[in-house]
Each structure stands twice: as C-alpha cells, then as structure tokens.
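Beneath this line is the structure, given in structure tokens, with notes to follow.
The values are calculated or read from the model by the stated rules, or taken from the named source; none is laboratory data. Nothing here was measured: the structure is a model prediction, and the numbers come from that model. FYI the Cβ positions are ideal-geometry reconstructions off the backbone, even for glycines, and counts take in every protein chain you see. Side chains included, ligands, DNA and RNA excluded: accessible areas come from the protein's heavy atoms. Shrake-Rupley method; radii C 1.70, N 1.55, O 1.52, S 1.80 Å.
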Amino acid sequence: MKQNNGQTPNNENLRVVIRVRPPMAREIRDGKFISTVQVAPDNLQLCIFDYHAIELVPDEDLEQYVSNPSNYTLHQFTFDYVYDQDSTQEQVYNTTAALSVDSTLQGYNSTIIAYGQTGTGKTYTMHGFSFNPNSDQLGIIPRSLHNIFNHIQMKSNSSTTFMVRASYLQIYNENISDLLRDSASLNIREDKKRGVFVENLSEWAVRGPAEIYQLMRKGNAKRVTASTRMNDTSSRSHAVFIITVEQIEEKPEGKSAKVGKLNLVDLAGSERVRVTGATGQRLEESKKINQSLSALGNVIAALTENRGTKPHIPYRDSKITRLLEDSLGGNCKTTFMAMISPAIDAFGESLSTLKFANRAKTIKNTPIVNQDGDQGALLRKYQLEIQKLKSELEERSKQPLENLVNELEKEKQKALEDKQEAQSAYEQRSKDLFKETELRKQLEEKISALNSQMLVGGQKIEETPQFQSALEKQQRLIRQQYQEKLTELEKERQSIEEDKAQTDKYKQLLLKQRDIMIALTNRLNDRDETILQLQEELDVYEKLQKENEDQLHSQQIRLEQFEELFLENKIEIPLLLQNQKQFNKEKVVDIQNDLQIQKLESIPVQTLHTNQQVQSDALISYELKNQIEINKQIQFDLKLTRTELEKSKNEIEQLKKKQNTEQGTLIENARKSVDKILELLTSEQSEQSLGNVAKELNQLQRMLKQGIQPSRTHVKGQYSFSKSTSDSPNKIMLINKQNDSMAKSTGQLVKLMQMKPQPKQNQSPVLGSKLKQKQKSVEDLWNQI
Ligand code: ADP
Ligand code: MG
C-alpha cells in the first residue's frame, strides 16, 4: 500500500547517470585507442564525436584526422553524473548506488536500472564478477548489502530492529523465473497493500554479509546455466535483484515500522532492439527483447511527452515495464544508469543510448516513505514470536539452577552411554566389513589366477601335462557328444525327408484323384444329358407306337368291314386285302422290332466301349438294364394289345353271327307274313280280310323296322314303304333288303373315309419314313378299293 502518512509527495526526476567503460583489448589498434566519447571534468557533461567517414581513413592518419574539428559533429549531453572509463566500482557505488541504499534504509522504494548495449558493463557494474568481500571489483549488489549490514551494525544498540530479505528473478522471452529456487513461470500481481509484486517469488532472509555471496552464487549459477542452455541469453534476459529492508523503531511515542525496497535491474542488451535478419529462436528472442525494450521506450516516452492530461502509460505491454511500474513515474527513487562503449565501432549504439538516457531524465517520480504499513507485519510477527520465546526462557530461568544442572548431567550421562554403544556397534561393523573385504579380495585373486595367463611355478597352467590330458579328455568327450548329436540330427533329417516324399506322393495322388473326379463329374453330366435325350426320344417312340397301333387297329377294323361288305355282297375277297391284313400283322411286329433296335442304337457306342471307369460301366449296365426292362414292358404291352385285338375280333365275329341268325329269323318271319298277306289277298275279298291284310302289313313293316334298326343309324329315311305301291311283296322285300345292305355298306364307307389317316406332325425322323411307308400302303389300298 502506497501510504504517505501525511507526507507531501516530492516530485523528483529520475536520476540519470552514464558510465563509459574502458576500451577493450580488441578495440586498441597498435597500442592506440580512438575514443568517440569525452567526459567533462565536472562529471556532469559528456561529448560524443560523430566522425564523418572515419572508416575510410588509414590507421596512420587517424590521430590527425580525429583532431580536426571539421571531420566530426559533436553531440553534448548533461546528466546527473557521468563516469569516465577510469571510474572505479567504489566510486560508482559511493556517488550513485549509496544514495539509493540510503533511501531504502529510510523506507523508500529505490531502483537502479542498468541500460546499454551488450558488453558495455551493465553486469559488471551491478554484480562485479567477484565473491570476495574485499575485492575492489565488487558491484552494486554486494556493496549495497554490505552497506545495509553496516548500517544495521551501527544501529545495533538502538531501539530499531531490522529484517533484510533478498529475491532474484530473471525475465527471458517474457517469462519470469526465480533465480534462487526452481519454479515454474511466475506471474506479476498487484494489490493495495503490496503494490506490484511477483507472485510466489522466493524471499530469502539475509542475516550477514556471508549470506549475500551465497545467494549471489546461487542466482548467478542459475542464470549462467540458463544462458549456456539458451546460447548466451544473459545479454538477452533481464535480471532483477530485490532487497527488502523492514525496520521497526521503538520510540517513546510508540513503534514505527518502515519497509524499503531496492530493485537492482540488469537489462538485456539494448542493441538487440535493432537486430535484423535474425531467424528462429534468435528472432523470437529479438522480438521479445524488442518488445520489452521498446515497451520501456514507450513507457518513458509516454511519461515524458504527455504532460498536460493524465496519459496512459503502457506498463502492461511487457513484464519488465509492469514490474518497474513503481520505478518509472511512481512511488520510487529511481536511478537510470546507461553504459556506453567509447569505441568508434559502437558509436551508433552509444549515441542512441545517450539519447534514450537523456529522455529518461525528465521522468518524474513521487517517492514516499512506506511507513507503518502492513508490509512491516512480518517483522512485527517475528518480534512477537521472539517476545514469547523470551518470556518462556525467563520462566525456565526461574527454576532452581541445581535441578537444571542435574537434569543436564543425566542427559549428558545418557548421551555418553548412547555414544559408547554406537561406537562399539560401529567398531563391530568395521571389523565385519574388513573381513568381508578380505574374503572378497581372496576370491577375486583366485578368479583372476584362473582366468588370466598367470604363471604357476614358472610354467603356464595350460602347458602342464595334467591340464593337457584333462583338456584332451574333455575334447574327446565333447567330440563324441558332438558326433552323437550329428548322427541324431542326420536321422532326423532323413525321416523328415521321407515324410516330405510321402507327403509329395499323397499330394500327387490327391491331385490325380481330383482330376479324375472332375472328369467323372463331366462325364456324369454328359450322361445325364444323354439320358434326358433318350428319355425324350423314348417318349416320342412310345407315342408314335401307340398312334401306329391305333392306326393299324382302325385299318384292321376297316379291312374286316370290307371283308364283311364283300361277304354280304357275295364279292370274292381280293387277295390284296388278305395280304394287307397279313402285312399289317407283320408290320406291327416289324415296328416293335425296329423300336427295340433303335433304342439300342441310340445309346452312344462310345459309352459302351471307351469307358474304363467302373462308375461309368455301372451306369451303362444300369441303363441297358433299364432299356431292356422298358423293351420288355413294351413287348408285353404289345402282346396285351394283340390279345385285346384278337378278343375284339372274336367278339365282332360272334356279333356278326348273331346278327346273321337274327336276320335269318327276321327274313323267315317276314316271308311268313308276306305269304299270309298274299294268301289273304288271293282269298275272298272281304272287308275283314282287307283289315287283316292291313294289320299284317303293319306288323311286317314294324318287324322289318325293328330288325334293321341297329345297323341303320347312319342312313335314316333311305328305307321307304308305300301303301299305294304296285310292286309285289317279294319285290318289295328284295328292294328293302337291297336297300338295307346298300345303306349298311354306304355308312361303312363313309366311316372309313372319315377314318382316313391324317399326316402326323412333329414325328421323329427315324419313324417318319416308316410311317410314310405305312401311309402309302394304306393309300394304295384305298385307291385299289
Ligand atoms: P554487459 O553486462 O553490459 O553485457 P559486462 O558487464 O558483461 O557487459 O562487461 C563486458 C566486459 O567488459 C566484461 O569483461 C567486464 O569485466 C568488462 N567491463 C565492463 N565495464 C568495465 C569497467 N568499467 N571496468 C573494467 N572492465 C569493465
Ligand atoms: Mg550482462
């Protein structure tokens, strides 16, 4: 908390000092060094010479050239202090840093910022590269602490109590790390009590000068490790050493606490701001350095340029400016130390550093003493603790001293006993250890004697006859075992070979079997097709056979009808017809035989002879058997048909006979009836006799009608009888009979004509010709008729 306790804040400018470092060996040519910087004797002013085209001047003319004012432009600056190249660390401390330390001891926040190009002595000035308290090389940090402790020492008998703490941090690539403790990246925080601070940054209590160096070593080692790892980042990182001094002063009016802080800042090399052409990590670093240093430049610019209204100061643009927020334009007494090199080579950098520092001069800070703030709480807490302990001690002191002495004596005795016990145990352990070591040594010696080419009695072990014979024996044994193993292996190899051959054989066999199987499958497929074809053909044959038989049968009937017709008409049966009948019978047998032969022929010859396989033979024999069976069946069927035919014929004969006898009786009766009529007609002509004649005639007519009826179905109305006819009854009868016979034969002829065979469609080519033959013979017969 920035408390002023009624103080009137003093606006004071940043103190700006310049330090010119001495020339380095590499900057001296032929024992001569040409400086571009000149410091005024009052140590307040400084001139820098801008030589025109000095790089073109030969070395021998340099001295003369630089002394001619027409060859340079002069830049002049005034600062709070300018240290020339001969200034010592002590001088710098005493005339600049000591003021900051004093301010801290007074309870102010103080800051010293070292700014400048790399290699101009920032670290040298701040640190000093020495850990020897008596060295004149010691920088500001150790000198500050020494100074603080001296101050504390001086005040040892006063009523003031002090507490000194130190922290050390680094900002690299915008990451804050603790240089006194391993830590992750740290963050900057701000609160009302503490202002801006680094969260979780370790603080180390420093109780004496010895502890200063311990901390410095620790911090620097970390910074160096980091710099090696990051390729000399010491010039690319900012380092801040923070010393906090808390003090409580006992006054008659009461206690007063003060907290002063000293920030010692070693900035990264300012020349990096203008580095161009860098790549990769370097570029990133440059960007970050650029970022932080240009942020510093922007903060300074904002603080110095805008004076009227309250300007915005971009502290938050980088970690370093955020951390130095109090130091730049805030509650702090700040000293800006710019380091420059006097060398011509560094002229540009030196001039820009001087300009930068010159600008910083105008920054105004408002430092106040941090009094009675909570920042003194830690010290107060410690003081309370001390008081408590002190009272405890006093309490103890009140106890009789004798008791304490006795107690102490007892404890001493016990401690002595413990010590003795521990010592004897230690001795025992040592003895054991010694024994163990001896034993191990012996063993090692033994082993090395066996292993090495050690000489035994002036002769190498392996050359002794015992060793030789043992070796030979061992070798023999090994050889024998080897031989046995070899034979075993050979046997194994042979058996594997045999197994392999056997496997090959099986393989071949399997392959052959596979081929056979494929062939068989193909053949079976072929056979299936053949069977199907045969089956189809067989069906056709059977159908045809049936048709033929039907045809023959109808022809037979027709022939018989012809026979009958001829008989009835008392015409001699032509020989041709008889022959045809015989021919038809023979034909039936022929067709049957043909069919059987054709069936056998239609089986492919190849399948009968070329088949070597058992399966196919079986198939053929099965098929043959089948065929034979079928043929047998056909024969049997034919026989059956034939007997049927015979039977039908007999029946027809019998019917014919019956009809003939019936006809005979009918004719007889008719004749009787005619005679009776004639008799009646020739007898007396009475009315009754005429009526009888009429009756008789009617009866005769009915009789004749009934008798002829069955065979007259086709020729109705051909038969006629007229009452008015003048023909004699015999004549009539004859006519009737003739008419009857004619009608019969005419009807049969019509029937025959209707039965005229039609040409068959879709018949097999084999049977086609046979059928044609048959058809022709029937037609011939027909024509003859
Ligand atoms: P920076 O930290 O600025 O990069 P250093 O502090 O590392 O520079 O200094 C670079 C070198 O110059 C070091 O060897 C240092 O000892 C030397 N040096 C710097 N300033 C002085 C000086 N005023 N007197 C003697 N030697 C110096
Ligand atoms: Mg340095």
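Looking at SER167, is it among the small types (Gly, Ala, Ser), more than 16 Å from ligand 1 (Cβ to nearest atom) and at pLDDT below 90? The answer is no for SER167.
Summed over segment 321-364, the residues that are among the polar types (S, T, N, Q) and under 22 Å from ILE140 (Cα atoms) give a count of 7. The set of residues from segment 172-213 being more than 52 Å from the chain's Cα centre (by Cα), surrounded by 13 or more Cβ atoms within 10 Å (Cβ to Cβ) and not charged (D, E, K, R) comprises GLY195, TRP204, VAL206, PRO209, ILE212, TYR213.
Number of residues in segment 103-154 that are within 11 Å of ligand 1 (Cβ to nearest atom), more than 18 Å from ILE340 (Cβ to Cβ) and open to solvent by less than 20 Å² (accessible area, probe 1.4 Å) equals 3. Annotation: LEU296 fulfils all but one of (1) at pLDDT below 90; (2) open to solvent by less than 20 Å² (accessible area, probe 1.4 Å); (3) within 53 Å of the chain's Cα centre (by Cα); (4) away from ligand 2 (no atom under 16 Å from the Cβ); the unmet one is (1).
Here ILE18, ILE48, ILE34 are screened, and the one residue that is open to solvent by less than 70 Å² (accessible area, probe 1.4 Å), touching a Phe, Trp or Tyr at 6+ places or on another chain (Cβ under 7 Å), among the aliphatic types (A, V, I, L, M) and on the phi < 0 side of the Ramachandran plot is ILE18. Criterion applied to ALA40, ALA98 was being under 20 Å from PRO23 (Cβ atoms), touching a residue at least 12 places away in the same chain (Cβ under 8 Å) and away from ligand 1 (no atom under 16 Å from the Cβ), and the one residue passing it is ALA40. Sub-6 Å Cβ pairs linking a first residue in segment 111-134 that is free of Cβ contacts under 8 Å to residues at least 40 places away in the same chain to a second residue that is open to solvent by 10 Å² or more (accessible area, probe 1.4 Å) and near ligand 1 (Cβ under 7 Å from one of its atoms), at least 6 apart or interchain, number zero. Checking segment 76-89 against the condition returns a match, with at least one residue being in a helix (DSSP H, G or I), within 16 Å of ligand 1 (Cβ to nearest atom) and surrounded by 12 or more Cβ atoms within 10 Å (Cβ to Cβ).
Quick grid of which residues meet (1) more than 29 Å from ALA98 (Cα to Cα); (2) open to solvent by 10 Å² or more (accessible area, probe 1.4 Å):
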{"residue": "ILE320", "(1), (2)": "no, no"}
{"residue": "LYS333", "(1), (2)": "no, yes"}
{"residue": "SER341", "(1), (2)": "no, no"}
{"residue": "PHE347", "(1), (2)": "yes, yes"}
{"residue": "THR353", "(1), (2)": "no, no"}
{"residue": "ASN358", "(1), (2)": "no, yes"}
{"residue": "LYS361", "(1), (2)": "no, yes"}
{"residue": "PRO367", "(1), (2)": "no, no"}
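Sub-9 Å Cβ pairs linking a first residue in segment 164-184 that is within 18 Å of ILE113 (Cα to Cα) to a second residue that is open to solvent by 30 Å² or more (accessible area, probe 1.4 Å) and in a strand (DSSP E or B), at least 6 apart or interchain, are ALA166/TRP204; ALA166/ALA205; SER167/TRP204; TYR168/TRP204; LEU169/SER177; GLN170/SER177; ILE171/SER177, ordered by first then second residue.
Restrict the check to segment 52-63 and report whether at least one residue is open to solvent by less than 20 Å² (accessible area, probe 1.4 Å), within 14 Å of ligand 1 (Cβ to nearest atom) and modelled with pLDDT under 95. Spell out the reasoning first.
Within segment 52-63, the first condition is being open to solvent by less than 20 Å² (accessible area, probe 1.4 Å), and the residues that meet it are 54, 62.
Within this subset, residues satisfying the condition of being within 14 Å of ligand 1 (Cβ to nearest atom) are none.
Within segment 52-63, none of the residues are open to solvent by less than 20 Å² (accessible area, probe 1.4 Å), within 14 Å of ligand 1 (Cβ to nearest atom) and modelled with pLDDT under 95.
Per-residue answers, yes or no, for (1) of a type outside the set (Val, Ile, Thr); (2) assigned to a helix (DSSP H, G or I); (3) open to solvent by less than 80 Å² (accessible area, probe 1.4 Å):
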position	(1), (2), (3)
ILE496	no, yes, no
GLU536	yes, yes, no
ILE557	no, yes, yes
LEU567	yes, yes, no
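Scan segment 332-374 for residues that are within 16 Å of ligand 2 (Cβ to nearest atom) and of a type in the set (Gly, Ala, Ser) and jot them down. Explain how you work it out, then say what you get.
Going through segment 332-374, the residues within 16 Å of ligand 2 (Cβ to nearest atom) turn out to be 337-341, 346, 349, 353.
The answer is ALA338, SER341, ALA346.
The helices (runs of 4 or more DSSP H) falling completely within segment 575-690 that include 1 or more residues that are modelled with pLDDT of 65 or more and among the polar types (S, T, N, Q) map to 575-601, 614-682. Taken over segment 105-121, the criterion of being within 11 Å of ligand 2 (Cβ to nearest atom), modelled with pLDDT under 95 and not in a loop (DSSP other than H, G, I, E, B) is satisfied by GLY116 alone.
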